[in-house]
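Reading through the structure tokens given below for one structure.
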Amino acid sequence: MDRTLPKRHLLRTTGDFQRVYRSGRRLKGEGFGLIFLANALAYNRLGISVHRKAGNAVRRNRIKRLIREVFRLHRDQFPPAADIVLTVRPEFAIDTLRDMQTSVVRLIGV
């Protein structure tokens, strides 16, 4: 399996995010939520939304890097052919890749 994360595997437009927010299925984790909606593509795509109160820009960007890395390494465990938005709330307290992997994998039920 290819271990890269091409840009086509990321949600980029406001319209894509809004479509997932409006019609997607929601799962709630520890300080974050996962919303997913089937797409017409052969692969899943990830979008990340980090609340401004989750920390300063350095912390928010680190959170996004951790989430992208978990998605890159465990893409096959996420819902297939779906647009996925991971929303991070202000009480998010995870700072390591291992903790992030554990929380996300526990949430998606694998």
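Bear in mind these aren't lab numbers, they're just calculated from the coordinates by the rules spelled out. In this text the structure is predicted, and so the values were computed from the model without any measurement. Note that each Cβ is placed from the backbone with ideal geometry, even for glycine, and that neighbours are counted across all protein chains shown.
Which order do the peptides 60-68, 13-21 take when ranked by the mean count of other beta-carbon atoms within 10 Å per residue, highest first? All intermediate terms of the calculation are to be shown ahead of the outcome.
Details: 60-68: 16.9, 13-21: 14.1.
The peptides rank, most packed first, as 60-68, 13-21.
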Legend entry - Semi-axis lengths (Å, descending) of the ellipsoid that matches the C-alpha gyration tensor of the chain: 20, 16, 14
Inset, instruction - Determine, for each peptide in 39-47, 78-86, the mean count of other beta carbons within 10 angstrom over its residues, then list the peptides with the highest first. - result: 78-86, 39-47
Inset, instruction - Multiply the residue gap between ARG65 and ALA38 by 0.36 nm, knock off their C-alpha separation, and tell me the result in nm, one decimal place. - result: 7.3 nm
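Counting helices only, and only those DSSP H runs with n ≥ 4, report the 222 nm mean residue ellipticity of the chain as the sum of -39,500 (n - 2.57) divided by its residues, in deg cm²/dmol to the nearest 500. Could you put the intermediate results ahead of the total?
Details: 3 runs with 39 residues, N = 110.
Value at 222 nm, helices only, nearest 500: -11000 deg cm²/dmol.
For the chain, what is the percent of antiparallel DSSP beta bridges, rounded to the nearest 5?
For the chain, the DSSP antiparallel bridge percentage is about 60.
Can you give the FRET efficiency to the nearest 0.05 for THR4 and HIS51, using r as the Cβ-Cβ distance and R₀ = 22 Å? Mind dumping the intermediate values first?
Values: r = 28 Å, r/R0 = 1.29.
Once the sixth-power term is evaluated, E becomes 0.20.
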